[in-house]
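Novice: Just dropping this structure here.
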Amino acid sequence: MTTVLASAADERYGLWLLNMIGSVHANARGAFDAILLYDLGLSPFQRRLAASITGVELRTVPEFVPHWRQGFTWKPWIWCELETDRLVWLDAGATVLRPLDEALAQIDERGYWVVSQAHPVADIVPSDYYALYDFPRERAARPVIAAGLIGFARSSRFFEEIVVPTYEDCLRGRSLGFSP
């Protein structure tokens, strides 16, 4: 079973990306078969630093749709593009302070690992999406999950029912909506 850690950054978050990888090396080194970083516009200096880290592969995201840089369109593309059994995504601003064994165990047990953002879905749902997705308004009181700290098995229902449809919506431009 292969487990990949993936993340991405542009120049604004490039140094945070490097810090996150340092924290993974310090606290969860053996958890991953590969670490893949995606260059969303790193500076030449940041690219050199990232490419020089042992065990890290630096990749780019192609312009797969005209709006690929907007919203988080590029993120589900990465999630669907990667060939791995388990994927752990940590946004560049994350810091790993202890081993990730519990998160990986949740992926094995449930098929996914997510973290709540502790605010309701209603805060980020464009009003026309309720009808578009036949989404009951009462369910909008539930907490949002963080797309910046997430893990899943590609063979899971979570991947098929959440990740793949999210990617398809991103291709349609539906990741460009509202957020307070």
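Novice: At a 1.4 Å probe radius, carbon and sulfur cover how many percent of the accessible area of the range 72-138? Mind dumping the intermediate values first?
Specialist: Values: 1930 of 3820 Å².
With neighbouring chains kept in place, the figure for the range 72-138 is 50 percent.
Novice: Right, something else. Cα-based Rg of the chain per 2.2 N^0.38 Å, rounded to two decimals?
Specialist: Rg over 2.2 N^0.38 Å, computed on Cα atoms: 1.04.
Novice: Calculated from DSSP H runs of 4 or more alone, at -39500 (n - 2.57) each and per residue, what is the 222 nm mean residue ellipticity of the chain, nearest 500?
Specialist: Values: 6 runs with 52 residues, N = 180.
Using -39500 (n - 2.57) per qualifying helix, the result is -8000 deg cm²/dmol.
Novice: Related question: Taking the Cα centre of the range 42-180 as origin, work out the dipole magnitude from +1 charges on Lys and Arg Cβ and -1 charges on Asp and Glu Cβ, in debye rounded to 20. List each step's numbers first, then the result.
Specialist: Numbers: 15 positive and 18 negative charges, 80 e Å.
Charge dipole of the range 42-180: 380 debye, to the nearest 20.
Novice: For the chain, with every protein chain kept in place, what is the accessible area per residue (1.4 Å probe, Å²)?
Specialist: Numbers: 9940 Å² over 180 residues.
Here the residues of the chain average 55 Å² of exposed surface.
Novice: If I compute solvent accessible area with a 1.4 Å probe over the protein chains, what percent of it on the range 1-41 is carbon and sulfur?
Specialist: Working: 890 of 1780 Å².
Accessible surface attributable to carbon and sulfur in the range 1-41 totals 50 percent.
Novice: Also, quick follow-up: Check each of the chymotrypsin sites (Phe, Trp or Tyr not before Pro) in the range 81-180 and keep only those in coil by DSSP with at most 11 other C-beta atoms within 10 angstrom; list them in order. Please report the intermediate quantities before stating the final value.
Specialist: Details: sites: 89, 112, 113, 129, 130, 133, 152, 158, 159, 167, 178; in loops: 133, 178.
Sparse-neighbourhood loop chymotrypsin sites (Phe, Trp or Tyr not before Pro): 178.
The values are calculated or read from the model by the stated rules, or taken from the named source; none is laboratory data. Remember, predicted model here, so these are calculated numbers, not experimental data. Glycine gets a Cβ as well: all are built from the backbone with ideal geometry, and neighbour counts include every protein chain shown. Each accessible area value is taken on the protein alone, full model and side chains, heavy atoms only, with ligands, DNA and RNA left out. Shrake-Rupley method; radii C 1.70, N 1.55, O 1.52, S 1.80 Å.
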